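The values are calculated or read from the model by the stated rules, or taken from the named source; none is laboratory data. Note that the structure is predicted; figures quoted are calculated from it, not measured. Heads up, the Cβs are rebuilt from the backbone with ideal geometry, glycines too, and the neighbour counts pull from every protein chain shown. Ligands, DNA and RNA are stripped out before the accessible areas are found, and what is left, the full protein with its side chains, is counted by its heavy atoms. Shrake-Rupley method; radii C 1.70, N 1.55, O 1.52, S 1.80 Å.
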Amino acid sequence: NQTEDDLFTTGNVSLPNFYFEDYDYWDGWAISATTDTMTRGFLNQYSSRSGAGYNGSSSYALTYAFFEQPINLTGDAAGAPVNGLYVNNGTYAYFSMLEGDGVGKKFGGETGDDPDFFLLTIEGELDGVRKENVVEFYLADFRFEDNSEDYIVADWTFIDLQVLGNVDRLFFSLTSSDVGENGMNTPAYIFVDNIITADQPLSTEDQRVNYDLSLFPNPATSFVQLSWNSNDEANANLFNAQGQLVLSQILQQGSNTIAVEGFPAGSYFLRIESENGWDVRKIMIK
């Protein structure tokens, strides 16, 4: 058992945990390896809907976010961007929204027309100051006019967090359309895995620009051809899934070749920085 004011640490990510043995009560974050994708109800609060972590990993993190919950960045990741992370619903919340459970309603109602939603909001903080940008992701969304487009997330899904800029803390909060006298009725659980941090701060913080970039092939095996259409000189920095800088080169106007031959297969993030701002693209290497 964890003790009060404990921390789970992986790489440069620190997850606060508070366990009160006298009451068998926990708060903050928990680490789970449970795989039950079918049992309904609170007794199955630790299982992700997909039955494992991202890409089949054996463990993952979760939090009960009736109130917002933080994640702390440490080491080289503190004060730098977070490239992104993977999120999922838990089995408990999934079936509560899908079927209703006596507390939480069936999303969509009996006709399927109720505009229900379950929204995750991620905020960043640097040196105690909240960032203006936030990231929103719908863990369930039934607001479409066409009910066939309604969904509840059941698989690990990537969220890009670069727009938050340089951060040393992340805050996770949930809102739902299903609210009662005591607050949100939807089980307030967030499941998180594979948090991808960076080890270099952005020099052009909070100035993300949607550059007109052309990247091909993607997925790539030996090279990526990047078309840079600006007269401004820019730097292209390639980070692996662990946030480590693996390649850096200066971009010239026109076509630029980025050699990736011999790099391990997986997800990479190409960050382009110029004096006018920055942008990021995901690259798959196979």
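Considering only residues of region 166-189 that are in a loop (DSSP other than H, G, I, E, B) and of a type outside the set (S, T, N, Q), which is farthest from the chain's Cα centre (by Cα)? So the residue we want is 181.
Taken over region 86-126, the criterion of being touching an Asp or Glu at 6+ places or on another chain (Cβ under 7 Å), over 17 Å from residue 64 (Cα atoms) and in contact (Cβ under 8 Å) with a residue 60 or more places away in the chain is satisfied by 105, 107, 116, 117. Screening region 1-117 for strands (runs of 3 or more DSSP E) wholly inside it with 2 or more residues that are out of contact with any Leu (no Cβ under 9 Å at 6 or more places or on another chain) returns the ranges 6-10, 13-20, 25-32, 60-64. Note on region 235-246: residues that are open to solvent by less than 30 Å² (accessible area, probe 1.4 Å) and out of contact with any Asp or Glu (no Cβ under 6 Å at 6 or more places or on another chain) total 6.
Look at (1) farther than 30 Å from residue 175 by Cβ; (2) open to solvent by less than 50 Å² (accessible area, probe 1.4 Å); (3) part of a strand (DSSP E or B); (4) not small (Gly, Ala, Ser) and you find that residue 284 fails only one, number (2).
Annotation note: of 36, 24, the sole residue that is at positive phi and open to solvent by 50 Å² or more (accessible area, probe 1.4 Å) is 24.
Given the condition under 26 Å from residue 11 (Cβ atoms), polar (S, T, N, Q), open to solvent by less than 70 Å² (accessible area, probe 1.4 Å) and touching a residue at least 24 places away in the same chain (Cβ under 8 Å), answer yes or no: does some residue in region 215-224 qualify? Among the residues of region 215-224, not one is under 26 Å from residue 11 (Cβ atoms), polar (S, T, N, Q), open to solvent by less than 70 Å² (accessible area, probe 1.4 Å) and touching a residue at least 24 places away in the same chain (Cβ under 8 Å), which makes the answer no. What tally of residues in region 250-272 results from selecting those that are surrounded by 15 or more Cβ atoms within 10 Å (Cβ to Cβ), assigned to a strand (DSSP E or B) and either over 24 Å from the mean Cα position of the chain (by Cα) or modelled with pLDDT of 85 or more (or both)? Of the residues in region 250-272, 8 are surrounded by 15 or more Cβ atoms within 10 Å (Cβ to Cβ), assigned to a strand (DSSP E or B) and either over 24 Å from the mean Cα position of the chain (by Cα) or modelled with pLDDT of 85 or more (or both).
Among the candidates 163, 192, which residue alone is under 16 Å from the mean Cα position of the chain (by Cα), outside any loop (DSSP other than H, G, I, E, B) and at pLDDT below 95?
Values: 192 fails: at pLDDT below 95.
From the options 163, 192, the qualifying one is 163.
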